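The values are calculated or read from the model by the stated rules, or taken from the named source; none is laboratory data. Just so it is clear, the structure is predicted and the values come from calculations on it, not from any experiment. Here Cβ is always computed from backbone atoms with ideal geometry, including for glycine, and neighbour counts include all displayed protein chains. Keep in mind that these areas ignore ligands, DNA and RNA; they rest on the heavy atoms of the full protein, side chains included. Shrake-Rupley method; radii C 1.70, N 1.55, O 1.52, S 1.80 Å.
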Amino acid sequence: MTDPVIELAGVTKDFGEDVVTHVLKGIDLRIEAGEFTALVGPSGSGKSTLLNLLGLLDRPTGGKLRVLGRDISALDDTELTELRGRSIGFVFQFHHLLPALTAVQNVLMPLAIARGRVTTEQREAAIEGLREVGLADRADERTMRLSGGQQQRVAIARALVGRPPLVLADEPTGNLDTATADEVFELLRGFNRRLKMAFLLVTHSPELAGRCDRIVTLVDGRIVEDRAIDH
């Protein structure tokens, strides 16, 4: 039996010293390879804090967090950065592209950072990533000249170019019109089905959440519901 992509056991997260705020209060969660999961909950429920822990951008205050079977408490910051670079892709509501760079240069960024240089093979992988999102013909276009939906497609290609086993998508359609949002969602779903990547999608849209395989509901720092969706 393979390890889950992510496993949390009794995870807590506190902020502050003199006045301590308990944001996450004993989170138990497993995300298996190939799952497509929605994370929902009201503002202030701890979704962003949980996403930062899942993305290895922060460490828990208590409990255990394992990524691909590795206990992150045993890793130093360099090892944590390496594990994040290999294992996790990020898609955000605001795509965080570098506007002066071309589409292909933006897609290449995580590969260049991870390996310190760009090879011909990596550029070909980036072009292929743009082809998969329907933008191969815009590879050498500066992203500032692309539409919002096209920019989000570039961001998806960037997140997936290294074929990470887990992709965290934080409101990836929240800044798009309905039709474009639907296209972006179907693009993510297609990658999930074809490449068996696990996706965790944070969304405020009940309609999009209902099209996922599973909905995890977070309220006041606790998971109050975790249910499979029968399609």
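A few points about this structure:
- The simple Förster model, with R0 at 41 Å and r as the Cβ-Cβ distance, assigns residue 219 and residue 120 a FRET efficiency of 0.25.
- In order through region 149-155: 3J(HN,Hα) via Karplus (6.51 cos²θ - 1.76 cosθ + 1.60), integer Hz, x for Gly, Pro: x, 5, 5, 5, 5, 4, 4
- With all protein chains in place and a 1.4 Å probe, the accessible surface of the chain carries 50 percent carbon and sulfur.
- The chain, helix-only ellipticity at 222 nm - DSSP H runs n ≥ 4, -39,500 (n - 2.57), divided by all residues, nearest 500: -10500 deg cm²/dmol
- Per-q log10 I(q)/I(0), region 60-107, q = 0.18, 0.24 Å⁻¹ (Debye; single scatterer per alpha-carbon; no solvent): -0.73, -0.92
- Using distinct alpha-carbon pairs, which all enter the 1/r mean, Kirkwood radius of the chain in Å: 18.2 Å
- By the Stokes-Einstein formula, at 1.002 mPa s and 20 °C, region 161-215 with its Kirkwood radius over alpha-carbon pairs has D equal to 185 µm²/s.
- Relative pair counts by distance (%), Cα atoms of region 1-86, 10 Å bins: 16, 49, 30, 5, 0
- Two-site FRET efficiency, residue 75 against residue 3, from Cβ-Cβ distance with R₀ of 22 Å, rounded to 0.05: 0.90
- Solvent-free Debye scattering, log10 I(q)/I(0), computed from the Cα coordinates of region 101-200 at q = 0.10 Å⁻¹: -0.25
- At full extension, residue 128 and residue 186 could sit 19.0 nm farther apart than now, given 0.36 nm per residue minus the alpha carbon distance.
- Net charge of Cβ neighbours under 12 Å - reference residue 62; Lys, Arg +1; Asp, Glu -1: +3
- Averaged over its residues, region 47-175 has an accessible area of 48 Å² per residue, based on protein heavy atoms and a 1.4 Å probe.
- Inter-centroid distance (Cα atoms) of region 26-97 relative to region 153-231, Å: 14 Å
- Extension gain, residue 142 to residue 98: 0.36 nm times the residue separation minus the Cα-Cα distance gives 15.0 nm.
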